Every structure is written in C-alpha cells, then in structure tokens.
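The values are calculated or read from the model by the stated rules, or taken from the named source; none is laboratory data. Keep in mind that what you see is a predicted model, and the values were worked out from it rather than measured. All Cβ positions, even for glycine, are placed from backbone atoms using ideal geometry, and neighbour counts span all protein chains on display. Keep in mind that these areas ignore ligands, DNA and RNA; they rest on the heavy atoms of the full protein, side chains included. Shrake-Rupley method; radii C 1.70, N 1.55, O 1.52, S 1.80 Å.
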Amino acid sequence: MWLLYARAPTPDAPYWPGRRWLAAVDALAWPMLWVIVFSHAPKPVGLVGPFVAAVALLCALARFHRAVWANHRYRFTTWRWGRVAAALLLIGAVMKLMLPA
C-alpha cells in the first residue's frame, strides 16, 4: 500500500525593489562558480568538465528565467547556503576557543 502526502505549496516570496535583478545575479553566479571550480581542478577531469559546464548552462538558464520572469517563485541560493556556511564557521570558532592551545 502506498501512502502519499501532499505538501502545501510554498508561499510567494515578498517583493522589494531590486529583488528581480539581484535574483538574476544570484541565479547566474552559482552555476558560473561550479564551472570555475571544475575548470581549476588540480587534475584533468576529462569529459566531466564539459558535462558540468553544459549542465550548469542549462541550470543557469532555468534559474535566470525563474529569477526574472517568475520572481515570486525564486529563492536565493546565496542566502540558503550562506546560512549553512555561517553556522559552520561559528561552530569552528567555538571549537577553536574551547580547545586548549
């Protein structure tokens, strides 16, 4: 027997002036970051590099479309992963303070 649960759709993001273009920059920056990371790999990546670039381009186009034309549905990637990075940095700082030198 299968049990299916339907989640409620996420509410629309609040609009503020400049959100559309800041979202467009965010939408293009993250796929570009992945291409830069793979292009500066210390060892040859073979076919993985061009594949990552092609997938990143497709993702960038979809994200850009959502950021500019469906802005109420766009969620900022920098905000999401920035919170995770800040939490990890805070944990590291606390650990550094707690361990004797």
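Tabulated data for the structure shown
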| read-out | value |
| --- | --- |
| Gap separating the Cα centres of the range 24-69 and the range 1-22, nearest whole Å | 23 |
| Burial order of peptide ranges 50-60, 24-34 (average beta-carbon count within 10 Å, highest first) | 24-34, 50-60 |
| At R0 = 41 Å, FRET efficiency that the Cβ-Cβ distance of Trp21 and Lys96 yields, to 0.05 | 0.60 |
| Residues Trp79 and Phe51, FRET efficiency given R0 of 30 Å [Cβ-Cβ distance, rounded to 0.05] | 0.60 |
| Within the accessible area of the chain (1.4 Å probe), percent carbon and sulfur | 76 |
| Semi-axis lengths (Å, descending) of the ellipsoid that matches the C-alpha gyration tensor of the chain | 28, 25, 19 |
| Relative contact order of the chain, pairs being alpha-carbon contacts under 8 Å that are 6 or more residues apart, as % | 36 |
| Accessible solvent surface per residue of the chain, calculated while the other protein chains remain in place, 1.4 angstrom probe, Å² | 86 |
| Förster-model FRET efficiency, 30 Å R0, His40 and Leu89, C-beta, rounded to 0.05 | 0.85 |
| Peptide ranges 64-70, 43-49 listed from the most packed, as the mean C-beta count within 10 angstrom indicates | 64-70, 43-49 |
| Helix-derived mean residue ellipticity, 222 nm - over the chain, DSSP H n ≥ 4, -39500 (n - 2.57), to 500 | -22500 deg cm²/dmol |
| Stokes-Einstein D in µm²/s, Kirkwood radius over Cα pairs - the range 60-101 at 10 °C with 1.306 mPa s viscosity | 126 |
